[in-house]
């Protein structure tokens, strides 16, 4: 079971890649029939598959199960980060939400989470 109001920041640096192919072992692979986007640890990128890349992201996982009818969870977080001029990249899985933030914003981002009373692991 997941702890309420708990986030985990992955220690690895991630990249958001516009790729020529899907990657087994990537955090996320999104194929929307127009392009393939890969969220992957920076040290796992194969440059021959890269069309474009954005490096230097930290992955934050919200360790709470979010029911489908729930509304406003990401809105509250993204609004607080937008007020601080911190860009995010959002990925949702079946049960939870995840965001990527630029690693240079991590300290400010975590301070905003503390103000929102979100526990940090």
Verdict on residue 116 being more than 21 Å from residue 12 (Cα to Cα), crowded, with 17+ Cβ neighbours inside 10 Å and touching a helix residue (DSSP H, G or I) at 6+ places or on another chain (Cβ under 8 Å): no
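A quick yes/no check of all residues on (1) under 18 Å from residue 120 (Cβ atoms); (2) in contact with a helix residue (DSSP H, G or I) (Cβ under 7 Å, 6 or more places away or on another chain); (3) without any contact (Cβ under 8 Å) to a residue 60 or more places away in the chain:
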| position | (1), (2), (3) |
| --- | --- |
| 12 | yes, no, yes |
| 20 | no, yes, yes |
| 31 | no, no, yes |
| 39 | no, no, no |
| 52 | no, no, yes |
| 72 | no, no, yes |
| 77 | yes, no, yes |
| 83 | no, no, yes |
| 103 | yes, no, no |
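Which one of these is buried (at least 18 other Cβ atoms within 10 Å of the Cβ), over 19 Å from residue 113 (Cβ atoms) and in contact (Cβ under 8 Å) with a residue 40 or more places away in the chain: 16, 45? Lay out the reasoning, then the answer.
Values: 45 fails: in contact (Cβ under 8 Å) with a residue 40 or more places away in the chain.
From the options 16, 45, the qualifying one is 16.
Listed here are the residues, each with its yes/no results for (1) in contact with a strand residue (DSSP E or B) (Cβ under 6 Å, 6 or more places away or on another chain); (2) more than 16 Å from residue 16 (Cβ to Cβ); (3) exposed (fewer than 15 other Cβ atoms within 10 Å of the Cβ).
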{"site": "36", "(1), (2), (3)": "yes, no, no"}
{"site": "39", "(1), (2), (3)": "yes, no, no"}
{"site": "49", "(1), (2), (3)": "yes, no, no"}
{"site": "52", "(1), (2), (3)": "yes, no, yes"}
{"site": "62", "(1), (2), (3)": "yes, yes, no"}
{"site": "95", "(1), (2), (3)": "no, yes, yes"}
{"site": "101", "(1), (2), (3)": "yes, no, no"}
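Tell me the residue from 70, 106, 110 that is surrounded by 11 or more Cβ atoms within 10 Å (Cβ to Cβ) and in a loop (DSSP other than H, G, I, E, B), please.
None of the other options fit; the residue is 70.
Quick note: the coordinates plus some simple rules give every number you see, no bench work behind them. All values reported here derive from a predicted model rather than from experimental measurement. So basically every Cβ, Gly included, is an ideal-geometry build from the backbone, and we count neighbours across all protein chains shown.
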